[in-house]
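K.L.:
To start, I am sharing the structure in question, which I have written as structure tokens.
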Amino acid sequence: MKIIITGVAGFVGSNLAEALLRAGHEIIGIDNFSYGSVENLRIIQDNKGFSFHKNNCLNYETFKNLQADCLVHLASQKIPRYSNSYKTIYENDLMSNNVIKKCLTDDIRLVFASTSDIYGKNPQLPFDEESNSVLGPTNVKRWAYATSKIFSEHKILASSAENGLKYTILRFFGSYGKHQNRTWWGGPQSVFIDRALKNEFIEVHGDGCQTRTFTYIDDLVQGIRLAIERDEAVNEIFNVASDQSNEIQIKDLAKLIWSLIRSDEAKIKLIPYETFGKYEDVMRRVPSIEKIKRKLNYEPKFNLEDGLRRTIEWQKKVDTLEV
């Protein structure tokens with residue numbers, strides 16, 4: 001297949017492109033390096049099946065002359081912790097409009113990266129694909145990201161019903177691994193690893209009792225590949241995540257990462273949510289992956305400790321190269 005990947009130089013995009021090229025697919029990558037890195041593309045940049053376009057997905061002209069069988073839309077703005085929410089709302093909507101238009105115009109199937117954040121504060125666990133979205137008030141900017149993804153999902157579903165768009169929506173749960181962004185953009189695990197490697201205090205937001213169910217990148221890529229390659233994925237929504245047994249409190253994640261790197265007691269500093277202004281967190285996030293296992297034969301292979309060990313080794317090597 002010929003596959004367009006937006007955000008190809010990012011964490012998920014670069015790992016996905018590498019796996020798809022190994023499987024014999026042809027990849028057309030798009031990125032403007034606002035969050036992605038040219039280093040993430042080093043291993044594939046000379047592959048004959050890979051072509052790269054340094055462009056912005058906010059401009060429809062980026063897509064106009066590209067031909068493909070499938071478009072995987074990974075490019076996105078995330079939760080606005082330290083910034084205004086306007087960019088998250090505006091850019092995610094505009095990019096979604098452009099990829100939907102492209103897919104309808106050229107009869108391309110859309111694989112859309114959504115998020116577990118759309119389940120919000122729903123207390124009914126685990127979250128399956130029919131679970132309710134329970135978000136906080138609109139004057140809390142933290143919900144702008146979830147809102148933008150919910151709106152994009154509705155637009156995709158409406159475009160399918162109205163105009164025949166072929167789609168698969170994937171809701172990701174906290175992925176980590178090789179090529180992850182090492183700032184808060186990449187999630188708590190990347191920052192925690194960095195702090196532990198430097199023997200510095202790990203800053204944990206709130207009281208650290210909030211939980212997440214993290215997914216190693218190889219498992220996430222497996223789920224995306226199945227969505228691309230299997231006909232059973234067409235016009236479906238799937239959670240892509242690790243097993244529920246990997247749920248962990250964030251303060252315990254910090255302790256686990258510290259113990260995998262150092263032998264002394266973990267240095268942890270709690271940071272009040274007030275630091276981010278008016279902020280709300282999701283206290284538990286637990287996925288059901290029964291649907292993707294049943295329909296696509298998805299099977300995650302990595303538990304949290306194994307995945308973290310691999311990620312720590314990668315991050316050590318990157319830090320050494322940068323010295």
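The values are calculated or read from the model by the stated rules, or taken from the named source; none is laboratory data. This one's a predicted model, so the numbers in the text were calculated from it and none came from an experiment. When we count neighbours, we look across all protein chains shown, and the Cβ atoms used for this are built from the backbone with ideal geometry, even at glycine.
K.L.:
Find the residue count for the range 274-320, including only residues that are assigned to a helix (DSSP H, G or I), closer than 25 Å to TRP258 by Cβ and in contact with a strand residue (DSSP E or B) (Cβ under 7 Å, 6 or more places away or on another chain).
P.N.:
Of the residues in that region, 3 qualify.
K.L.:
Starting from residues that are modelled with pLDDT of 95 or more and part of a loop (DSSP other than H, G, I, E, B), keep the ones in the range 61-76 and report whichever is surrounded by the most Cβ atoms within 10 Å (Cβ to Cβ). First the steps, then the outcome.
P.N.:
First pass over the range 61-76, keeping only residues modelled with pLDDT of 95 or more: 61-63, 66-76.
Within this subset, residues satisfying the condition of being part of a loop (DSSP other than H, G, I, E, B) are 63, 66-69, 74-76.
Working: PHE63: 24, LEU66: 17, GLN67: 9, ALA68: 20, ASP69: 15, LEU74: 24, ALA75: 27, SER76: 24.
Among those that are modelled with pLDDT of 95 or more and part of a loop (DSSP other than H, G, I, E, B), it is ALA75.
K.L.:
Hey, can you tell me all the residues within the range 217-251 that are without any contact (Cβ under 8 Å) to a residue 40 or more places away in the chain and in a helix (DSSP H, G or I)?
P.N.:
Within the range 217-251, just ASP231 meets the criteria.
K.L.:
I want to confirm something. Restricting to the range 99-154 and keeping residues that are assigned to a helix (DSSP H, G or I) and over 20 Å from the mean Cα position of the chain (by Cα), which single residue is surrounded by the fewest Cβ atoms within 10 Å (Cβ to Cβ)? Quick ask: steps written out before the conclusion?
P.N.:
Quick first cut of the range 99-154, residues assigned to a helix (DSSP H, G or I) only: 99-106, 116-119, 141-154.
Add one more test, that the residue is over 20 Å from the mean Cα position of the chain (by Cα), and what stays is 101-106.
Details: LYS101: 15, LYS102: 21, CYS103: 26, LEU104: 17, THR105: 11, ASP106: 14.
So the residue we want is THR105.
K.L.:
Taking the range 272-317 as the search range and keeping residues that are surrounded by 16 or more Cβ atoms within 10 Å (Cβ to Cβ) and among the aliphatic types (A, V, I, L, M), which one is farthest from LYS121 (Cα to Cα)?
P.N.:
Here the residue is ILE312.
K.L.:
May I ask you to say which residue of ILE248, ILE292 is over 16 Å from ARG171 (Cα atoms), in contact with a helix residue (DSSP H, G or I) (Cβ under 7 Å, 6 or more places away or on another chain) and at pLDDT 95 or above?
P.N.:
ILE248
K.L.:
Just give me the residues in the range 1-60 being over 25 Å from ARG182 (Cβ atoms), among the acidic types (Asp, Glu) and surrounded by 15 or more Cβ atoms within 10 Å (Cβ to Cβ), in sequence order.
P.N.:
GLU26
K.L.:
So, in the range 182-210, of the ones that are under 12 Å from the mean Cα position of the chain (by Cα) and surrounded by 17 or more Cβ atoms within 10 Å (Cβ to Cβ), which residue ends up farthest from ILE250 (Cα to Cα)?
P.N.:
In the first step, residues of the range 182-210 are kept if they are under 12 Å from the mean Cα position of the chain (by Cα); the result is 185-187.
After this cut, where a residue has to be surrounded by 17 or more Cβ atoms within 10 Å (Cβ to Cβ) as well, the list is 186-187.
Values: GLY186: 15, GLY187: 11 Å.
Top of the filtered list is GLY186.
K.L.:
May I ask you to verify whether GLU265 is outside any loop (DSSP other than H, G, I, E, B), among the acidic types (Asp, Glu) and free of Cβ contacts under 8 Å to residues at least 24 places away in the same chain? Don't jump to the end; show me each part of the working.
P.N.:
Details: outside any loop (DSSP other than H, G, I, E, B): no; among the acidic types (Asp, Glu): yes; free of Cβ contacts under 8 Å to residues at least 24 places away in the same chain: yes.
The answer is no for GLU265.
Residue-by-condition table, conditions (1) closer than 30 Å to ILE43 by Cα; (2) at pLDDT below 95; (3) touching a Pro at 6+ places or on another chain (Cβ under 9 Å):
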position: PRO126; (1), (2), (3): no, no, yes
position: SER131; (1), (2), (3): no, no, no
position: ALA144; (1), (2), (3): no, no, yes
position: SER148; (1), (2), (3): no, no, no
position: ILE156; (1), (2), (3): no, no, no
position: SER160; (1), (2), (3): no, no, no
position: TYR167; (1), (2), (3): yes, no, no
position: PHE172; (1), (2), (3): yes, no, no
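K.L.:
Go through the range 268-313 residue by residue and tally those that are free of Cβ contacts under 8 Å to residues at least 60 places away in the same chain and in contact with a His (Cβ under 7 Å, 6 or more places away or on another chain).
P.N.:
Final tally of qualifying residues: 0.
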